[in-house]
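Worksheet: the structure to be examined is printed underneath.
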């Protein structure tokens, strides 16, 4: 059918920086059966006319009521006030007749006659505020006269018109094409014929908004409009006029091409005011009115009076109703896209929230577009977005306060229009009703994500227009959301189901046929239950906790079904004879209440829980099948019974019935019990609970200031206090530390660390760990306190790996964990621990693996290694078989010990343990270096080994004997010389330091071993021998180990040292190696 379609476009204003979010969308359309000739937009709706009818639509183009069809004549003008309260429609019935319409119902309460005779060849009508209310203006050309009229709307017949005598044109056919009101003036666009030739010109006419009825519109000012350096448009067709913010005038003109030009309305007014001053006031120049014969501006302004908007001209023959501007106004074009301009069909400019937009309708490659642009500073355009339509848009309209832009599109087509509701990403069909409401057809039923009972989802309405989908925007301040609900998930019982109906708009009902909560539209019962009086009886299915103290205060959660629909339905809750006050209510399903406290109640007993429920037609009671227990907690023991002032002690409270009531509210309190007066100076201290069972509570004590208070341990259950007065807890002063007797620590740990201090007995289970950030986390090792509470003995923790050897010899960070008491300051010089490398043992020296048992004498054995001085000798245990090997001397690379006396032929395995964690050989390895063999040189044997061994022993003995005689002689000579210098101050050997770098390594050969053993055997028989080893460690610390000492003869020390230096030097010159002992001191008696 032949139809005209109205299109609605969104006018959402978004700041320019967010333009990419904006879409100009063809949103809604509606059709009328005939061609639309005029459209008027208001904030209250849209009015359109065909040739003989006027229609009223809602802002979203839903037709409202029947069209007005009794107008008479052909409609040639339509306008409405901004608020849509009044409209005017002009027809050619009986000349030119304009009818005032009530915008609410299209009734015509009054007519305004423009002319009684003659047909207007052109007419424009528009509305403007003025006089006692809104008014409308007309401009027409009738019977060779240019006529301007102003009429009021409601309650007034006020009008104002030109004097036809003054406006006679003598066949000057002025065509009125558009009009608007701005800045207190009414403006008309006219298309004037030429004074000669065939080219018509576009002019703008300004008249004052003056309500003086007889002024005859004596205030007309005219201006020819040009553009792009052209003084005027020739034979123009006006495609659109828009005024933005009463300042920017935009016109679209089609001549040989299409131009969009932007004019400043204030500049236009300035040109017209200047013409008034020059011609009317000063009387100079020509009036520049083209529809009159050339008329000079008459001198002698005394014949003129009044302001620019109220001129009274008494000159009868040459009145001054109009003045023209001598030069045309020619700004630059605004838009130069020829592709769009040449196919332009409609244009509109507007401003929303201070942001200016332009709409362009055009046809390109058989596609019809409406594009939206942002007008920047009134001079340039930035593209925003575009939409398409089935047929070309021939008109675009908008009014201040309207949410939408409206277009007119007409063609022969069948309208394909439908609507959709979009829930998030789920789409359902929709229907738009005549009352401008939308009905969403939710079939199939929507599903809720995650199995929840409700879900908030965004909702949008989408128009499907000839296959294209457009989202309808709204003026809501926030995005539209709806609540999806699922009755079966929301409720499992009848009363909780009906509770969903209260204050929600949900249509849940109870379906007895399947014992489910369903939407009433989805319940197959003939009479779904919507009243609690028809629900099953209430039931208590469970409650927690199951027990609490008789004194009350316990909060109980009761679960059940049909426990009312709202809190006021619960008349009472009784725990036996005790009231339970409701704290929280979940309709029909759960009640949380607290037993009213009663300090007098101390009786343990079992009771029944009862709930009285009010329903729509009666009251019923539900009783628990399991009884609630009132029972009393009992404290039997507390351990430990002391801890430091700083707290942090883990305390174990033993007894019964600790897990009753609300365990999260159970507390352990250290409370002074001797007197109430003393509690002011001995405040209660909380013990933070770590775990609770029926028979045990573990908690961590809080800290206090220094105090000698003795405190009872009190267990609080739901505010009721329980204690055992025979059990107390004592806060003791925090431990303090002043020194450690062990200065070194090794990565393997396991050695003893001894700290001395005071108040060490305030911590029951102290531990130690390494917290140095350079190292991997260490183990945590226990410590013990001696009987005098002044010594703390700890096992050194082990560190899994030391990645940088530079850490050795440096101070290490450690922590003594003393409950909440502070760890010693590891920076204190007396409490430092220095990291040293692990000792390593490589086995028995090759010359010590076999020892002779002749004459009952047992020689020392030498065990090689490294880093031996990293630990105290007391940490080293040497075992030969099941017997110990008594340590005699040591250096950093060797240790010697006296093996047990065993018969010849005995073989013993060597094991060396350092502290608790190091054992050598590792992994139970056995080999010749870890085996000691007992032999006898007097035993005859046919074995080659025995013969060879005997020969070597004999040779060694002879060699030693030959060396010993001259050595003894030398010793006596040296001793005599030393006595002569006895007064000399010679430092003792203990003051000497031999750096590690200069220590000479013992050679593993028979001669050295023999010499060493001979010396050792001599020393063993003497009680006055001092033997020292000195070595410099990594950090420069010097360690001195005194093995035996009972003589302090400095002379002998010096003498012996020189003697052995000389022997060593001779041995080196003869054999190429040193036989070096760090120092050997002997007194003169032994020599």
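The values are calculated or read from the model by the stated rules, or taken from the named source; none is laboratory data. Because the structure is a prediction, the values reported are computed rather than measured. Cβ sites come from the backbone with ideal geometry, for glycine too, and all protein chains shown count toward neighbours.
I'd like to know if region 201-223 contains one or more residues that are closer than 18 Å to residue 79 by Cα and at pLDDT 75 or above.
No, there is no match, as no residue in region 201-223 is closer than 18 Å to residue 79 by Cα and at pLDDT 75 or above.
Can residue 637 be described as within 26 Å of residue 818 (Cα to Cα), part of a loop (DSSP other than H, G, I, E, B) and at pLDDT 90 or above?
It is false that residue 637 is within 26 Å of residue 818 (Cα to Cα), part of a loop (DSSP other than H, G, I, E, B) and at pLDDT 90 or above.
Checking the condition outside any strand (DSSP E or B) and either on the phi < 0 side of the Ramachandran plot or modelled with pLDDT under 80 (or both), which residue from 938, 905 passes?
938
Starting from region 436-458, keep only residues that are touching a residue at least 24 places away in the same chain (Cβ under 8 Å) and on the phi < 0 side of the Ramachandran plot, then list their pairs with residues that are surrounded by 14 or more Cβ atoms within 10 Å (Cβ to Cβ) and part of a loop (DSSP other than H, G, I, E, B) whose Cβ atoms are within a distance under 6 Å, requiring at least 6 positions of separation or different chains.
Here the result reads 448/486; 453/486; 455/448; 457/424; 458/424, each pair linking region 436-458 to a residue that is surrounded by 14 or more Cβ atoms within 10 Å (Cβ to Cβ) and part of a loop (DSSP other than H, G, I, E, B).
For region 186-199, give me each residue that is surrounded by fewer than 22 Cβ atoms within 10 Å (Cβ to Cβ) and modelled with pLDDT of 80 or more.
If the condition is that a residue be surrounded by fewer than 22 Cβ atoms within 10 Å (Cβ to Cβ) and modelled with pLDDT of 80 or more, then 191, 192, 193 are the ones that fit.
Report yes if residue 848 is outside any strand (DSSP E or B) and not assigned by TED's automatic domain parsing to the domain that holds residue 762, otherwise no.
Yes; evaluated as a whole, the condition is true for this residue.
Which condition from (1) in a loop (DSSP other than H, G, I, E, B); (2) crowded, with 16+ Cβ neighbours inside 10 Å is the one that residue 625 breaks?
Going through the list (1) in a loop (DSSP other than H, G, I, E, B); (2) crowded, with 16+ Cβ neighbours inside 10 Å, residue 625 breaks only (2).
Can you tell me which residues in region 882-899 are under 19 Å from residue 846 (Cα atoms) and part of a loop (DSSP other than H, G, I, E, B)?
885, 891, 892, 893, 899
Of the conditions (1) touching a strand residue (DSSP E or B) at 6+ places or on another chain (Cβ under 7 Å); (2) surrounded by 16 or more Cβ atoms within 10 Å (Cβ to Cβ), residue 615 clears all except one; give me its number.
Among (1) touching a strand residue (DSSP E or B) at 6+ places or on another chain (Cβ under 7 Å); (2) surrounded by 16 or more Cβ atoms within 10 Å (Cβ to Cβ), the lone unmet condition for residue 615 is (1).
Which of the residues spanning region 556-591 are part of a strand (DSSP E or B), over 42 Å from the mean Cα position of the chain (by Cα) and farther than 25 Å from residue 510 by Cα?
572, 573, 574, 575, 578, 579
Hey, residue 164 hits all of (1) closer than 27 Å to residue 203 by Cβ; (2) modelled with pLDDT of 70 or more but one; which does it fall short on?
Checking residue 164 against (1) closer than 27 Å to residue 203 by Cβ; (2) modelled with pLDDT of 70 or more, the one that fails is (2).
If only one of 478, 515, 499 is more than 21 Å from residue 432 (Cα to Cα), exposed (fewer than 12 other Cβ atoms within 10 Å of the Cβ) and modelled with pLDDT of 90 or more, which one is it?
Unique residue meeting the criteria: 515.
Look through region 908-929, keep the residues that are in contact (Cβ under 8 Å) with a residue 40 or more places away in the chain and part of a loop (DSSP other than H, G, I, E, B), and return whichever of them is nearest to residue 842 (Cα to Cα).
Selected residue: 921.
Each row is one residue, and each column tells you yes or no for (1) on the phi < 0 side of the Ramachandran plot; (2) at pLDDT 75 or above; (3) exposed (fewer than 14 other Cβ atoms within 10 Å of the Cβ).
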| position | (1), (2), (3) |
| --- | --- |
| 261 | yes, yes, no |
| 268 | yes, yes, no |
| 272 | yes, yes, no |
| 276 | yes, yes, no |
| 285 | no, yes, yes |
| 298 | yes, no, no |
| 303 | yes, no, no |
| 309 | yes, no, no |
